[in-house]
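Heads up, the thing below is written out as structure tokens.
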Amino acid sequence: MSGRYVDFAVGIESAAGGGYRVRAFSPDAEAESITRLEFDPDRLHAALRSRMSSALPKSRARDLAGSAGSMGGVGGVGSMGGAGAATAGLDLTEVGRGLFAALFTDEVGELYSAAWSAALAANQGLRIRLHLRPRNPELAWLTRLPWELLYDERAGGFPCLNPLNPMVRHLDLPRPVERAAFQLPLRVLVVAANPAGLAALDLQGEQEAMAASRQVRVEVLAGPGPEDLRRELLRGRYQVVHFMGHGLSDADQGSLVFATPGGQPRLVTGSALSQLIQGAPAPGLAVLNACQSAAVPRGSGADPLAGVAGALVRGGQAAVVGMQLPIPDRAALTFSKHLYARLAAGDLLEAAVAEARLALYLADARASDWVAPVLFLRGSDRRIEDGERKEKRPERDQNRVDFAAKVIQGGEVVVTGEVLSGRQDGAAGRPRDSRTRVKTELVDVRKLIVIGTDHRDRGES
């Protein structure tokens, strides 16, 4: 799918009584509803990890589970313990239905359905842009929910698996960044880190799969250390930076595992990577094909943006693809293969991610691998970002619009109305009343014609 999307922007705010207000904006209208979000992120993530296809033979996970000896005791991060047995019976489709029903409830759900139908009629896709507020302590926990599981009962599927209906995450942050279109051939800088002492990964196979198209030109970083990455970024030659290797997320922060010059593991935190990209020519996309590279730190009071993907978004990266779960080596290779094949074919990033995700689903629909990828996009929607501030401001009764309408013979609709606005008399400083009568005629569903006005000023002389 190489066409265009229209946005369905959704934002979540706190509401009185312990509920949440959902605000939604389609290209033509807006709506809001009150909902409750009674989900446990830890339980949902445990259920998803219990369905990893890493149980299949020769499928290694790209995290540090089982590597405690070589990483000084951090290898247990991400391991399941006894959580898998407690959550193995959780129906992920039912979870998706619950998430969808909570987000698209009442008027918001009706607006979404109308926007989806209108987009299809116009031969366009509908992109769900989910606005999350990590800086708000009351709302930060929502960033940890696996929203990629949304299941639309009416459409009979998961939007994230449909390139016409993808969902992207938008973190409402300062410094809005505009995305630049990719130019073919796509120039990709690969950071392939496979240090000694950790599970060996098929990074060579992943590089070959990425470079299968002539429209993708892959250059592998000669030394897989952060200093080497900084040096290459300063050259400004790349549209994509692709990290392949191990990752982890603990209670406080997320990290990627680079390598020392001697080939030993070297942890680099998300905040350090964010600092590393500052001031260098920014690639249009960062792909973090490592376990938990999009995970949110789960410690009490932890910074929700201290994960690797979140830190890069905060640092100004326009688009980031990361993994919110551990991902098996086999699934990581499949994802890269299909992602770059679709980008090389000219697909938009959202569609390419959906196709790569669908490839994971088709490979093993029972596994959770397809839920792991998370796509973050920058670019502001002020209607959502200003929503909470507007809610707190008192309404000013300065402008009022009153309309009346009637249907006349022939099916035409005549609308008459008055627009009242208070203003100050420049000389005397006294309030004056400006009253404008507007008469319009609706001649079809898209055209409203003004057919007469009557303007009167009423003030004291």
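The values are calculated or read from the model by the stated rules, or taken from the named source; none is laboratory data. Fair warning: this is a prediction, and the values are worked out from it, not measured in the lab. Note that we place each Cβ from the backbone using ideal geometry, even for glycine, and neighbour counts take in every protein chain shown.
Candidates are the residues of the stretch 282-341 that are over 16 Å from Ser271 (Cα atoms) and β-branched (Val, Ile, Thr); the one that is nearest to the chain's Cα centre (by Cα) is Val321. For the stretch 223-250, a residue qualifies if it is within 20 Å of Pro261 (Cβ to Cβ) and among the aromatic types (Phe, Trp, Tyr), and exactly one does: Phe243.
Okay, residues lined up against (1) under 16 Å from Val257 (Cα atoms); (2) charged (D, E, K, R); (3) out of contact with any helix residue (DSSP H, G or I) (no Cβ under 6 Å at 6 or more places or on another chain):
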position	(1), (2), (3)
Gln278	no, no, yes
Leu285	no, no, yes
Ala295	yes, no, yes
Arg298	no, yes, yes
Leu305	no, no, no
Gly310	no, no, yes
Leu333	no, no, no
Leu348	no, no, yes
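Within the span defined as the stretch 124-138, one or more residues are touching a strand residue (DSSP E or B) at 6+ places or on another chain (Cβ under 6 Å) and either surrounded by fewer than 17 Cβ atoms within 10 Å (Cβ to Cβ) or in the same structural domain as Leu349 (by TED's automatic domain parsing) (or both).
Looking at the stretch 247-281 only, could you name the residues that are small (Gly, Ala, Ser) and in contact (Cβ under 8 Å) with a residue 60 or more places away in the chain? If the condition is that a residue be small (Gly, Ala, Ser) and in contact (Cβ under 8 Å) with a residue 60 or more places away in the chain, then Gly247, Ser249, Ala259, Gly263 are the ones that fit.
So that you can scan it fast, the table gives a plain yes or no per residue for (1) assigned by TED's automatic domain parsing to the domain that holds Leu358; (2) in contact with a Gly (Cβ under 8 Å, 6 or more places away or on another chain); (3) surrounded by 20 or more Cβ atoms within 10 Å (Cβ to Cβ); (4) more than 21 Å from Ser26 (Cβ to Cβ):
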site: Val108; (1), (2), (3), (4): no, no, yes, no
site: Leu111; (1), (2), (3), (4): no, no, yes, no
site: Ala114; (1), (2), (3), (4): no, no, no, no
site: Ala121; (1), (2), (3), (4): no, no, no, no
site: Pro146; (1), (2), (3), (4): no, no, yes, yes
site: Arg169; (1), (2), (3), (4): no, no, yes, no
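Do any residues in the stretch 106-119 that are under 17 Å from Leu150 (Cβ atoms) have Cβ atoms under 9 Å from those of residues that are assigned to a helix (DSSP H, G or I) and of a type in the set (Phe, Trp, Tyr), where the two are at least six apart or on different chains, and which pairs are they? Note: pairs meeting the criteria are Gly109/Phe100. Of note, Arg60 does not satisfy the criterion of being surrounded by 15 or more Cβ atoms within 10 Å (Cβ to Cβ) and at pLDDT 95 or above. Just the residues that are farther than 30 Å from Trp116 by Cβ, touching a Gly at 6+ places or on another chain (Cβ under 8 Å) and surrounded by 19 or more Cβ atoms within 10 Å (Cβ to Cβ), please, taken from the stretch 171-191. Val191 - this is the single residue of the stretch 171-191 that is farther than 30 Å from Trp116 by Cβ, touching a Gly at 6+ places or on another chain (Cβ under 8 Å) and surrounded by 19 or more Cβ atoms within 10 Å (Cβ to Cβ).
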